[in-house]
Amino acid sequence: MTFIDAGPTGSLRVAPSILAADFGSLAHAVQVIDAQTDWLHVDVMDGHFVPNVSIGPPVVASLRKYSDRFFDCHLMMSEPGRYLEAFAEAGADGCTVHVEVGGTAALIDDARSLGLRIGLAANPDTPYERVAPFLGDIDLLLLMTVFPGFGGQSFMGDVMSKVVWARSEIDANSLAVDIEVDGGIDLQSAPVVVRAGANVLVAGSAIFSRPDPLEAATALRTAALAGRS
């Protein structure tokens with residue numbers, strides 16, 4: 001298995017979510033926005049942890065042939081440990097599991113043993129204290145700004161307090177951990193989350209639902225950069 005470097009920790013990254021793309025022409029959709037893609041976000045839903053079903057390792061393997069971007073796989077699954085190896089073999093570079101499913105320490109160890117970059121996600125109503133003990137063990141903290149399961153939901157600004165806390169603790173302890181936000185990210189919310197301390201922005205509808213997805217991704221990056229000024 002060959003993994004793609006995620007790039008410098010803390011760098012501002014736009015991570016288009018293929019959940020909002022046209023699955024009938026997924027390879028084309030990914031190639032169209034490649035110039036403004038740092039990471040490609042792959043939402044995996046099992047119909048149990050979240051009330052929806054999306055894609056699995058075979059689609060990741062098929063898509064890998066058309067993109068050399070970092071594949072950021074978000075496993076919204078009740079039993080992610082059963083599938084980590086399959087995703088690694090399919091071409092995932094990083095896998096993010098949810099703290100709510102439990103067994104977090106073991107999942108982190110399993111991902112590390114496979115050479116994967118490991119992320120930990122928390123739903124909007126999950127207290128920051130659930131993820132804080134693991135900050136020194138992970139590469140990525142994903143703080144959901146919507147409840148996972150469906151695209152196109154509205155941004156939940158209350159989550160920004162968790163982003164601020166996480167950024168403060170990561171910086172105070174010189175941890176190499178990216179902070180990712182996912183849900184309702186658009187031109188208005190992008191600078192808000194960056195000012196709070198996030199550096200990886202997942203956007204689906206704001207990119208793929210626009211007439212010109214590449215132009216939309218460019219505009220989103222510009223809006224995010226405004227949050228750093």
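The values are calculated or read from the model by the stated rules, or taken from the named source; none is laboratory data. Keep in mind that what you see is a predicted model, and the values were worked out from it rather than measured. Ideal geometry is used to build each Cβ from the backbone, glycine not excepted, and the neighbour counts take in all protein chains shown.
The set of residues in the stretch 8-39 that are loosely packed, with under 13 Cβ neighbours inside 10 Å, in contact (Cβ under 8 Å) with a residue 12 or more places away in the chain and among the polar types (S, T, N, Q) contains only Ser11. Here Ala88 meets each of (1) out of contact with any Phe, Trp or Tyr (no Cβ under 9 Å at 6 or more places or on another chain); (2) outside any loop (DSSP other than H, G, I, E, B) with one exception, condition (1).
One residue alone among Ala226, Ala176 is of a type in the set (Gly, Ala, Ser) and more than 18 Å from the chain's Cα centre (by Cα), and that residue is Ala226. For the structure I just gave you, tell me whether Ser67 is assigned to a loop (DSSP other than H, G, I, E, B) and touching a helix residue (DSSP H, G or I) at 6+ places or on another chain (Cβ under 9 Å). In short, yes. Those residues that are in contact with a Gly (Cβ under 8 Å, 6 or more places away or on another chain), in contact (Cβ under 8 Å) with a residue 60 or more places away in the chain and not small (Gly, Ala, Ser), I need them from the stretch 73-95; list them, please. Hits for the stretch 73-95 are His74, Met76.
Determine, yes or no, whether Gly152 is at pLDDT below 95, in contact with a Ser or Thr (Cβ under 8 Å, 6 or more places away or on another chain) and either closer than 24 Å to Leu26 by Cβ or surrounded by 17 or more Cβ atoms within 10 Å (Cβ to Cβ) (or both).
Numbers: at pLDDT below 95: yes; in contact with a Ser or Thr (Cβ under 8 Å, 6 or more places away or on another chain): yes; either closer than 24 Å to Leu26 by Cβ or surrounded by 17 or more Cβ atoms within 10 Å (Cβ to Cβ) (or both): yes.
For Gly152, the condition - at pLDDT below 95, in contact with a Ser or Thr (Cβ under 8 Å, 6 or more places away or on another chain) and either closer than 24 Å to Leu26 by Cβ or surrounded by 17 or more Cβ atoms within 10 Å (Cβ to Cβ) (or both) - is met.
Any idea how many residues of the stretch 2-59 are of a type in the set (Gly, Ala, Ser) and either more than 15 Å from Val200 (Cβ to Cβ) or in a helix (DSSP H, G or I) (or both)? Break it down into steps so the answer makes sense when it comes.
So the first thing to find is which residues in the stretch 2-59 are of a type in the set (Gly, Ala, Ser), and the list is 6-7, 10-11, 15, 17, 20-21, 24-25, 27, 29, 35, 47, 54, 56.
Then keep just the ones that are either more than 15 Å from Val200 (Cβ to Cβ) or in a helix (DSSP H, G or I) (or both); that gives 20-21, 24-25, 27, 29, 35, 47, 54, 56.
Result for the stretch 2-59: 10.
The set of residues in the stretch 217-229 being in a helix (DSSP H, G or I) and in contact (Cβ under 8 Å) with a residue 60 or more places away in the chain consists of Ala217, Thr218, Leu220, Arg221, Ala224, Leu225. Checked against (1) under 24 Å from Ile55 (Cα atoms); (2) over 17 Å from the mean Cα position of the chain (by Cα), Ala206 passes all but a single condition, namely (2).
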